[in-house]
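Values quoted throughout were computed directly from the atomic coordinates according to the rules given, and no laboratory measurement underlies them. These numbers come from a predicted model, not from an experiment. Here the Cβ positions follow ideal geometry from the backbone for every residue, glycine too, while neighbour counts run over all protein chains shown.
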Amino acid sequence: MSRFMRCLFVFHSINIIFCLSIALPAGYVDSSPASPLVERQRSRRGIQVLPGKCDGAQLLAAENAILDASYLATAGLNAASNFERPPFSYFFQNNVSTANFVAGILQRVVLSQQGKGYPIDVTCEDKYQHCHPETTSYAVNFIERSENPSLIVLCPLALSRRRNPIPCTANPGALSLGWLMLHTMVTTHSVSPPPLAIIETPSDRARSVQDALRSGKDTTRMADAYAHLGSWSWDLGLGGPPWDQKRICLGNFWRGQFDVEGFDATANYGPPSTK
């Protein structure tokens with residue numbers, strides 16, 4: 001390139017820079033990159049407790065709730081793989097399409113605990129003032145979930161619950177901390193999550209789900225059904241390693257060594273499978 005052409009190139013470059021400095025006001029910041037909110041969602045996935053929103057014992061309970069919900073969901077997945085037999089057939093129609101649908105919802109819960117899927121924030125602060133004496137938790141689901149995480153609020157009533165019981169302890173379906181979190185997480189992972197889902201103190205009986213199933217209702221729309229399936233599957237030893245005790249637990253269950261108030265576990269069904 002000749003000296004004349006180099007000077008001409010530099011002259012045009014200076015003009016371009018000069019024009020841009022006139023067109024753009026002082027302090028201009030290019031807004032084309034994603035907003036901080038969007039960048040935040042790109043940087044993390046899954047469920048997490050919001051920093052500073054749960055203190056001391058509350059923080060421990062919230063973290064245990066997330067972990068225990070994933071345990072119950074995993075147990076429910078194991079039950080869904082043998083959908084023709086109890087405990088899956090206690091709460092859902094025992095066919096392939098239903099089992100696949102239920103497994104899909106439970107898989108989202110497991111992946112969420114692993115830091116995958118839609119972002120979900122958990123807080124112990126009653127941000128929207130829905131924590132009443134009978135309210136265990138509530139979920140706020142934003143329409144544009146790609147930019148706004150769902151929010152789960154754990155109320156004091158939920159945080160006071162105990163963790164999942166040890167398998168084979170004769171109380172399948174107990175309302176544990178994991179049961180409540182799984183119930184709440186299912187509402188955020190459903191196909192069409194409601195904008196606001198308030199979870200009141202549920203009954204610890206599974207009869208309502210069983211009655212709905214017998215009447216022909218679609219229990220895949222009932223969060224109770226998923227929570228009960230996960231809880232029962234866990235209590236009956238279907239949690240997988242290192243909690244795989246299904247042969248012992250299911251045998252004890254069928255011999256009547258579980259106290260299940262208000263639930264007819266044997267009606268219209270054969271014994272649970274130990275496969």
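A few notes on this one:
- Per principal axis, descending, Cα span of segment 98-140 in whole Å: 36, 24, 12
- Alpha-carbon gyration tensor eigenvalues x 5, square-rooted, for segment 71-116, Å: 20, 10, 6
- Here segment 210-253 was treated as a single set of alpha-carbon atoms; its pair distances binned every 5 Å from 0 give 5, 23, 22, 16, 15, 15, 4, 0 percent.
- Relative intensity of segment 174-213 on a log10 scale, I(q)/I(0) at q = 0.17, 0.33 Å⁻¹, equals -0.55, -1.09, per a Debye sum over C-alpha point scatterers of equal strength in the absence of solvent.
- Site pair residue 218 and residue 201 shows an inter-label distance of 3.3 nm when each label is modelled 7 Å from Cα along Cα→Cβ.
- Remark: spin-label model distance residue 96-residue 81 equals 1.8 nm, labels positioned 7 Å along the Cα→Cβ axis.
- Diffusion coefficient (Stokes-Einstein, Kirkwood radius over C-alpha pairs, 10 °C, 1.306 mPa s) for segment 59-145: 106 µm²/s, rounded to a whole number.
- The gain in end-to-end length when the residue 60 to residue 127 segment is fully stretched comes to 22.2 nm, 0.36 nm per residue minus the alpha carbon separation.
- Over all pairs of different C-alpha atoms in segment 108-246, the reciprocal of the mean inverse distance, the Kirkwood hydrodynamic radius, equals 15.8 Å.
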